[in-house]
Structures are given as structure tokens and as C-alpha cells.
Amino acid sequence: MSVEDYNRFDSIKVFLHQIYEFKKGVRNLVLCTMCKSCADLVTERLKEQKIEYLIQEVVQNKVNLYFGKRSCLETVRTFINKPLNKLSPEEDFILGAMLGYDITMQCERFCKKKTITRTA
């Protein structure tokens, strides 16, 4: 198995676990970054399980695949028209909170980004 094949296998394994967590209610929104060929495979799985998803191109052969509850995807859709590193501090905070990141860490990240934004 090549390194590329192993990375694809590993990505799909993580993806399947994230579907499990979504279905159990642990997560309302999931974000996976993967190659386009992996995304083609996993979106078939999402369609089969009637799970809504959204794809954002990152670079030529890499995408961000979001899946989860419709209201979460509709919210994400309002600000992922740009690369994630170009999100405003507020958008970054919202996305992190929706993905279930530690709220205290998100608050610290937000304050740091706001400080950088103010001084720039």
C-alpha cells in the first residue's frame, strides 16, 4: 500500500467514525478536508444515508467537505465563499463553535484574532 493509498484509507476511516458520531447526536456539523477522489466516494455514502453535505474547494485536488444538520449547513454556506484562513474573527468563532471545538479555546482564539485585526 502506498503512502497516498494509506492516507486515503485513513481519511475514509475517520470519515466513517464522524458519520457514526453525527448519527448518535455527538456532532451537529462535521468538517473533513480530503482529496477530491475521496470526497467523491464519501459523498456517495452521505447520499445513501440521506445526510446533507456541502463541498468547498480548497486547492485543485483538495476540498473541505461539511456534513450535518441542514440549519448548520445553511449557516456555514453564508460565509464559506472564501478560504477558511480569510474568515473574519466572528465567522471563525461561529464555525469553531458549530464544529464542537472547546468554547474557552475559541474565545481565546477570537480575542487574539480581534486584537490582530484591530492593530492591522
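Among beta bridges from DSSP that stay inside the chain, the antiparallel ones total about 100%. Largest GNM mean-square fluctuation among G68, G25, G96, using the chain with Cα springs under 10 Å: G25.
Per DSSP helix of 4 or more residues, -39500 (n - 2.57); summed, then divided by the residues of the chain. What does that give at 222 nm, rounded to the nearest 500?
Here the helix-only value at 222 nm equals -18500 deg cm²/dmol.
Only lysine pairs 8 or more places apart, or on different chains, with alpha-carbon atoms under 12 angstrom apart are counted in the chain, and they number 5. Between the alpha-carbon centres of region 19-49 and region 55-98 there is a gap of 14 Å.
Annotation for region 14-47: trypsin sites (Lys or Arg not before Pro) lying in DSSP loop with at most 13 further Cβ atoms inside 10 Å of their Cβ are K24.
What shape does region 36-82 have by the C-alpha gyration tensor, where a ≥ b ≥ c are the square roots of the eigenvalues, rounded means a/c under 1.5, and otherwise prolate means a/b greater than b/c and oblate the rest? Note, shape of region 36-82 comes out oblate.
Name the most mobile residue of L87, L95, L29, meaning the one with the largest mean-square fluctuation, in a Gaussian network model of the chain with Cα contacts below 10 Å. Highest fluctuation of the listed residues: L87. GNM on the chain, alpha-carbon springs under 10 angstrom: the most fluctuating residue among C107, C35, C72 is C107.
Extension gain, T115 to F79, is 10.8 nm, computed as 0.36 nm per intervening residue step minus the present C-alpha separation.
Read-outs throughout are calculated quantities, based only on the coordinates presented, and are distinct from any laboratory measurement. Since this is a predicted model, take the numbers as computed values, not measurements. Cβ coordinates were reconstructed from backbone atoms using ideal geometry, including for glycine residues, and neighbour counts include every protein chain displayed.
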